[in-house]
Amino acid sequence: MDAHGGHYLNKEAVLSPLGFARMSQLLLGCTIIALVAHSAGYSASYGTFCMFVWCFCFAVTLVVFTLDITRLHACMPISWDNFTVAFAMLATLMYITASVVYPVYFIENECENESCESLYYRIAVTVCSCICCFPYGVEVFLTRAKPGAVVGYMATVSGLLKVVQAFVACIIFGALAHDSEYTLHIATEYCVVVYSLCFTVTVVVIILTVSGRTSSLRFPFDRFVVIYTFFAVILYLSTALAWPIFSFDKKYGTTNRPEDCPRGNCPWDSKLVVAVFTNVNMILYFVDLIYSQRIRFVSASGSAA
């Protein structure tokens, strides 16, 4: 018992839906890492990325679970609720990505007698990785903002969208770095500047929120976020128009995929990935802007009432 008459350990961290979700995350994450290390294996940059996802999410989840059950998170100089929901959203996206990438590059349709065992392990890894997306998604569902509840910014739809926007930007950067030929035109270089600028500001917003430093700023943080989101929509709209023109127009590039374009090592594929996820992020910022305006309207109405 502590000085205030409470228990040292937080039983709710275990005996609650959120506790069960986190224990499921740990169990599945440990299983995946053990299967990969035992016989499934991984190689190249794609395999390294998947292994990083599983190890990173397992390690952070273990720290979160430990700090929650021991109540030591109160000693952390961060906004705990904002941190946990932001990480859960990020882990969900990372697991979904790994669950797609790993089978694409490491599961073959046919196998020789000697290699069938490793194939079965890789299928098991893929299944466990897909299943583990759900406990992280459940945590996001359980900790998201409820009507009438006072929660941190990251638990709102706008806050969760910030995490998705940053993650999508990382996918864009990965495609840009993979022989996308963006240096051939000034317009495509402008697009890279837009991606970098929006990503940087979004990450700063997340860091300020998670660290609990928004109240110490000398300007209204909520207004800044809304104004920034508006300009992000405009900037992404310009890239959604410029990138396809200077990548696929006959005057600057090729409309169809070249025949001598090897799978996984083709500039045309990288350009297509950038074009697709540019539009995805533009839609995310637009939805974020609409939701932010709705939140401000409801808050104003509530205070007026």
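A single entry from Tyr120, Tyr102 fulfils the requirement of being touching a helix residue (DSSP H, G or I) at 6+ places or on another chain (Cβ under 6 Å), in the same structural domain as Ser16 (by TED's automatic domain parsing), at pLDDT 80 or above and aromatic (Phe, Trp, Tyr): Tyr102.
If you check Met1, Met23, Met94, Met89, which single one turns out to be at pLDDT below 90 and of a type outside the set (Phe, Trp, Tyr)? Write out each step before concluding.
On the way: Met23 fails: at pLDDT below 90; Met94 fails: at pLDDT below 90; Met89 fails: at pLDDT below 90.
Matching residue, one of Met1, Met23, Met94, Met89: Met1.
Of all the listed residues (Val205, Val127, Val210, Val168), the sole one being assigned by TED's automatic domain parsing to the domain that holds Ala34 and either farther than 23 Å from Pro244 by Cα or crowded, with 17+ Cβ neighbours inside 10 Å (or both) is Val127.
State yes or no: is Ile172 out of contact with any strand residue (DSSP E or B) (no Cβ under 9 Å at 6 or more places or on another chain), without any contact (Cβ under 8 Å) to a residue 12 or more places away in the chain and not hydroxyl-bearing (Ser, Thr, Tyr)?
Numbers: out of contact with any strand residue (DSSP E or B) (no Cβ under 9 Å at 6 or more places or on another chain): yes; without any contact (Cβ under 8 Å) to a residue 12 or more places away in the chain: no; not hydroxyl-bearing (Ser, Thr, Tyr): yes.
In short, no.
Residues of segment 31-53 that are among the hydrophobic types (A, V, I, L, M, F, W, C) and more than 21 Å from the chain's Cα centre (by Cα): Ala34, Leu35, Val36, Ala37, Ala40, Ala44. Check whether at least one residue in segment 272-293 is charged (D, E, K, R) and modelled with pLDDT under 85, and report yes or no. Within segment 272-293 (the criterion being charged (D, E, K, R) and modelled with pLDDT under 85), the answer is no, since none of the residues qualifies.
The values are calculated or read from the model by the stated rules, or taken from the named source; none is laboratory data. A quick note: this is a predicted structure, and the numbers were derived from the prediction, not measured. Backbone-built Cβ (ideal geometry, glycine too); neighbour counts: all protein chains shown.
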